[in-house]
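**Q** Dumping the structure here so I can ask a few things about it.
The values are calculated or read from the model by the stated rules, or taken from the named source; none is laboratory data. These numbers come from a predicted model, not from an experiment. Don't worry about glycine lacking a Cβ; one is built from the backbone with ideal geometry, like all the others, and counts go over all protein chains shown. Surface areas here come from the heavy atoms of the whole protein model, side chains and all, with no ligands, DNA or RNA. Shrake-Rupley method; radii C 1.70, N 1.55, O 1.52, S 1.80 Å.
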Amino acid sequence: MALDMKIIAIETSCDETGVAVLEISGGFKAPRIKILSNIVASQVKIHAPFGGVVPNLAKREHQKNLPLIFKKALKEARLSLKNPRIDLIAVTSGPGLEPALWVGINFAQELAKKYNKPLLGINHLEGHIFSIFLEKNRKSTKHEARSTKRDFGFRISNFEFPAIALLVSGGHTELVLSKKPLEYKVIGQTLDDAAGEAFDKVARLLGLGYPGGPAIGVMAEKKLKLKHDIKSATAQFISSNDKVKLPRPMINSKDYNFSFSGLKTAVLYKLKELEQKMRTSSHDREYLVSAMVKEFQQAVIDVLISKTMRVAKEYKAKTVILGGGVAANKELRKQLQQKMPFNCDSRYVINLLMPEMEFTGDNAAMIALAAYFRWLKNKKPRRGGALKADGNLKLT
Ligand code: KG4
Ligand code: ZN
């Protein structure tokens, strides 16, 4: 089986339409990844007035944009529309919004027929795991073969099994154990809202706009500046009394599950209570909101990091992977980095691998990369007919 492949991938699981063309070689031992094109069209503006993704609107937009983005991606990759000389077509088959997923799947099936190429359905979450290996500003990313005697595993710099992946997006919050390439066991997950969903809901509640993650990230940073500017009674009241303290849901539970839905209610009540108590001016209210937002963000981060570190230690993980849209959160990245045991003298070192900012959100490049390894592992072509959208597809 040839290790050199040109793959075209399609991603339409949520509110980003993505098409990418990747040229990959080297197999598991020393993969060399070349991103020939990676186009993402965001529908954020269309869903913003509704404060969340509307499935049928998402479907309509994907239908409108996908053919255009496909052409653009081929053009950028310098491939002809008539005969693009690709080896494989990959498409996200779940989890996600089924009406949206079907648009990508139907389109990919048409392509498979037209070009007479095999088609592979890919789990979106597996794509997020693989996003850590993508690099934007290099024409080609070569992962050197490691001088290890073991013959099974990705020979990728800094990557070793067992690995724990913390996947945090708008639809998922999962801790996943991987002991071998492409084999996963979900160790913990959210019992209600996903981490990204919590960011989105809190932002909506505070009128900060959609999507909430980036808005809250910016607002949380802003507080530091306000702190020096404002010497109001509100500022002093909050900082001296720790009045904005929120709970850390399930931080001490023995399992590795999460629960974030209570946090938004806690934010709402706390804000109302403080506003009433302090009869805040509009200037002070901004201070109060930014303090709440910062505390909310920290509450989510505390729970995520605490459980990730605990599970990593329990399974003696050598690698921790952060993936999904919430991986764009700067504080989460910084604090996770700080918590990793990394010491030249220490026997226990964990490598933390995080996607570049460009690849934290949904994109098709990560789907193409996952497809490459899936293809090499399974070695069996699957023609288009059998592929179905599965909104609840699990990682296994
Ligand atoms: O992976 P993704 O792009 O789509 C899904 O598969 O759901 O994740 C989107 C989620 C949204 O909930 C968004 O608010 C969140 O990622 N997000 C963030 C940040 N940027 C995006 N959450 C926290 N901080 C951020 N900087
Ligand atoms: Zn995603």
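**Q** Which of the residues belonging to segment 359-379 are away from ligand 2 (no atom under 14 Å from the Cβ), in a helix (DSSP H, G or I) and in contact (Cβ under 8 Å) with a residue 12 or more places away in the chain?
**A** Matches in segment 359-379: Ala368, Leu369, Ala371, Tyr372, Phe373, Arg374, Trp375, Leu376, Lys377.
**Q** Let me ask something additional. I'd like to know if segment 335-348 contains one or more residues that are among the charged types (D, E, K, R), surrounded by 20 or more Cβ atoms within 10 Å (Cβ to Cβ) and either within 16 Å of ligand 1 (Cβ to nearest atom) or more than 30 Å from Leu205 (Cβ to Cβ) (or both).
**A** Here is the first cut: in segment 335-348, the residues among the charged types (D, E, K, R) are 339, 345, 347.
So of that shortlist, the ones also surrounded by 20 or more Cβ atoms within 10 Å (Cβ to Cβ) come out as none.
Looking for residues that are among the charged types (D, E, K, R), surrounded by 20 or more Cβ atoms within 10 Å (Cβ to Cβ) and either within 16 Å of ligand 1 (Cβ to nearest atom) or more than 30 Å from Leu205 (Cβ to Cβ) (or both), one finds none in segment 335-348, hence no.
**Q** Among the residues of segment 185-213, write down those that are touching a strand residue (DSSP E or B) at 6+ places or on another chain (Cβ under 8 Å), open to solvent by less than 40 Å² (accessible area, probe 1.4 Å) and away from ligand 2 (no atom under 16 Å from the Cβ).
**A** Answer for segment 185-213, where residues must be touching a strand residue (DSSP E or B) at 6+ places or on another chain (Cβ under 8 Å), open to solvent by less than 40 Å² (accessible area, probe 1.4 Å) and away from ligand 2 (no atom under 16 Å from the Cβ): Ile187, Gly188.
**Q** I would also like to ask the following. Among the residues of segment 167-187, which ones are outside any strand (DSSP E or B) and within 12 Å of ligand 1 (Cβ to nearest atom)?
**A** Of everything in segment 167-187, those that are outside any strand (DSSP E or B) and within 12 Å of ligand 1 (Cβ to nearest atom) turn out to be Ser169, Gly170, Gly171, His172.
**Q** Being of a type in the set (D, E, K, R) and buried (at least 18 other Cβ atoms within 10 Å of the Cβ) is the filter here, so list the residues in segment 172-184 that pass it.
**A** The answer is Glu174, and nothing else.
**Q** Quick one: is Leu332 within 16 Å of ligand 2 (Cβ to nearest atom), touching a Lys or Arg at 6+ places or on another chain (Cβ under 8 Å) and either closer than 27 Å to Pro181 by Cα or in the same structural domain as Ala195 (by TED's automatic domain parsing) (or both)? Walk me through how you get there before you give the answer.
**A** Values: within 16 Å of ligand 2 (Cβ to nearest atom): yes; touching a Lys or Arg at 6+ places or on another chain (Cβ under 8 Å): no; either closer than 27 Å to Pro181 by Cα or in the same structural domain as Ala195 (by TED's automatic domain parsing) (or both): yes.
No: the conditions fail for Leu332.
**Q** Within segment 1-13, count every residue that is in contact with an Asp or Glu (Cβ under 9 Å, 6 or more places away or on another chain) and open to solvent by 40 Å² or more (accessible area, probe 1.4 Å).
**A** The qualifying residues number 3.
**Q** May I ask you to list the residues in segment 305-325 that are open to solvent by 20 Å² or more (accessible area, probe 1.4 Å) and within 12 Å of ligand 1 (Cβ to nearest atom)?
**A** Across segment 305-325, the qualifying residue is only Gly325.
**Q** Residue under question is Leu268, and the condition is that it be open to solvent by less than 40 Å² (accessible area, probe 1.4 Å) and either under 14 Å from Leu288 (Cα atoms) or at pLDDT below 90 (or both); does it hold?
**A** Working: open to solvent by less than 40 Å² (accessible area, probe 1.4 Å): no; either under 14 Å from Leu288 (Cα atoms) or at pLDDT below 90 (or both): yes.
No; evaluated as a whole, the condition is false for this residue.
**Q** Let me ask something else. Restricting to segment 26-43, name every residue that is at positive phi and open to solvent by 20 Å² or more (accessible area, probe 1.4 Å). Show your work before the answer.
**A** To start, the set of residues in segment 26-43 that are at positive phi comprises 26-27.
Passing the criteria: only Gly26.
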